[in-house]
Every structure is written in C-alpha cells, then in structure tokens.
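Everything on this sheet refers to the single structure shown next.
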Amino acid sequence: MSATAETSSAPSAAVITEPLPDLQLQLLIQLLDEDPRAGLPMTLTHPGGLLHGDAIGHEQWKAEWARSLRQVEGEGANLLAEFPETVDQGVRELRAEEDAAGAARLPRWIHLRDVTLVPGAMTPVSLPLWRGRLSDVSGWALGRPQ
C-alpha cells in the first residue's frame, strides 16, 4: 500500500465550517454593551448588502424594542415587548451550569438603531432597529457613508 493510500484512509478531523466573527468587532460591541447610553455610527457589509446605523448594546436594543412595541395597540404587542427579556432569562438559566467557572463570553450579535439597508441594486430600506449575527458581518467601518 502506498503512503498516500494509507493517509487517505485515516479518519479526518472535524472541521468547523461556521464563519468566525471578527475579534476586534466583538470587543467593540462588548464595550458598547457596558454603557447602555452608548452608540457608535457604523457601516457593515453582510450577505444582505450594505448596512449602516448606530451600533448599540444589547440592553439598549431590548429597551428600544420594548418601547416601540408598547406604542402598538393590542395584547400581542405587549407580549412581544417582553420577548427579548424572556429569551435572555432562558439563556441565562441554560448557561448557569456552563458558566459556573465564571468564563466571560464575547458577544455573538450586533444591534443597530436608525438603520439603512442597501440591498445590492435595490432601493435602500430604513429600519428603526436591526439585529444580526456578528459571524455574518464580512466587513465594517466606523461612520456612515457620506
């Protein structure tokens, strides 16, 4: 048996195929999470196109989500206003056992306020709030396009 045949029959190691977030962007978002009043103008590229707005922390995004839904009439809006906090509580409970050692986690999500999405050659879309996976961001810059 040749050397190449022997190596090709060996079991292969598992390969992570999920894109990794930019460490500098994760640390920047982590800083924003520390001050609930902080916002930073940013421009991002991701699979949906170009996106720009003010990057905000997770807690600020939750507060603005709830505030916007409380302005809508109906019982469903009140339930949805509390949705992000309900999800966070569930995640905290699931991680309680994992984080017994107190290991800090880097953020996996980015939140923007006053967003403009430019999806390729289509007309830009304005959104009050946006949330996306940091691993989907392929590029970023401070500031908004001129």
What is the sum of charges, Lys and Arg at +1 and Asp and Glu at -1, for the other residues whose Cβ falls under 13 Å from the Cβ of His46? 0
If I model a spin label as a point 7 Å beyond the Cα along the Cα-Cβ vector, how far apart are those points for Glu82 and Arg133 in nm? 3.0 nm
Here FRET efficiency (C-beta to C-beta, Ser68 to Thr45, R₀ 25 Å, nearest 0.05) is 0.45
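Read-outs throughout are calculated quantities, based only on the coordinates presented, and are distinct from any laboratory measurement. This one's a predicted model, so the numbers in the text were calculated from it and none came from an experiment. FYI the Cβ positions are ideal-geometry reconstructions off the backbone, even for glycines, and counts take in every protein chain you see.
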